[in-house]
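Structure first, then comments.
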Amino acid sequence: MIVGMLLRWAVNVAALWVAAAALDGVRYEDFGTLVLAAAVFGMVNFAIRPLVTILSIPLIILTLGIAYFFVNLLMLILTEALVSGFEIDGFWTAVGATIIVWLVNAVLGALPGSVEPRPSRSRGT
């Protein structure tokens with residue numbers, strides 16, 4: 001479990017770094033700020049995203065899932081608001097950063113060994 005959390009945190013660091021490298025409007029003061037932003041982003045996704053997703057289910061269904069993108073966008077904007085020194089300039093830059101973060105997470109999450117295996121629970125044979 002700890003290894004999985006650290007791996008997700010490292011992937012978030014990489015994703016936010018790629019977004020900052022690719023977009024002029026995404027900035028961070030130093031590497032420590034980037035690491036903190038990735039930790040906050042992970043905590044926001046763990047604690048707040050499920051609640052926002054549940055509240056958004058009717059809209060997500062109505063828009064055939066497109067509204068779920070805006071839930072992810074909101075989590076990135078919330079991270080920017082909580083972390084001093086991590087900045088995103090404007091809505092469209094945040095949209096681009098959300099797409100980049102999603103892509104990096106998808107690519108790195110698909111690599112072999114990136115997901116911590118869960119122990120099997122067999123009930124006697």
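Brief remarks on what is shown
- Residue list for segment 21-51, restricted to those being over 14 Å from the mean Cα position of the chain (by Cα), within 18 Å of Ala94 (Cβ to Cβ) and not aromatic (Phe, Trp, Tyr): Ala21, Ala22, Leu23, Asp24, Gly25, Val26, Arg27, Thr33
- Residue match in segment 1-15 (condition: farther than 21 Å from Val107 by Cβ, surrounded by fewer than 17 Cβ atoms within 10 Å (Cβ to Cβ) and more than 17 Å from the chain's Cα centre (by Cα)): yes
- Test: Ala67 is farther than 21 Å from Ala22 by Cβ, modelled with pLDDT of 95 or more and more than 12 Å from the chain's Cα centre (by Cα): no
- Number of residues in segment 75-111 that are polar (S, T, N, Q) and touching a strand residue (DSSP E or B) at 6+ places or on another chain (Cβ under 8 Å): the value is 2.
- Conditions (1) closer than 16 Å to Tyr28 by Cβ; (2) surrounded by 14 or more Cβ atoms within 10 Å (Cβ to Cβ): number failed by Ser84: (2)
- Scanning segment 57-66 for residues that are surrounded by fewer than 17 Cβ atoms within 10 Å (Cβ to Cβ) and either small (Gly, Ala, Ser) or assigned to a helix (DSSP H, G or I) (or both) yields Ile57, Pro58, Leu59, Ile61, Leu62, Gly65, Ile66.
- Pairing residues of segment 3-31 that are within 14 Å of Phe86 (Cα to Cα) with residues that are in a strand (DSSP E or B), at Cβ distances under 7 Å and at least 6 apart in sequence or on separate chains, gives Ala19/Val26; Ala20/Val26; Ala20/Arg27; Ala20/Tyr28; Gly25/Ile88; Val26/Ile88; Arg27/Glu87; Tyr28/Phe86.
- Matching residues in segment 24-43 - criterion: being out of contact with any strand residue (DSSP E or B) (no Cβ under 7 Å at 6 or more places or on another chain) and either surrounded by 13 or more Cβ atoms within 10 Å (Cβ to Cβ) or charged (D, E, K, R) (or both): Asp24, Glu29, Asp30, Val35, Leu36, Ala38, Ala39, Val40, Phe41, Gly42, Met43
The values are calculated or read from the model by the stated rules, or taken from the named source; none is laboratory data. Since we're looking at a predicted model, the values are computed, not measured. Counting neighbours? That spans all protein chains shown, and the Cβs are built from the backbone with ideal geometry, glycine included.
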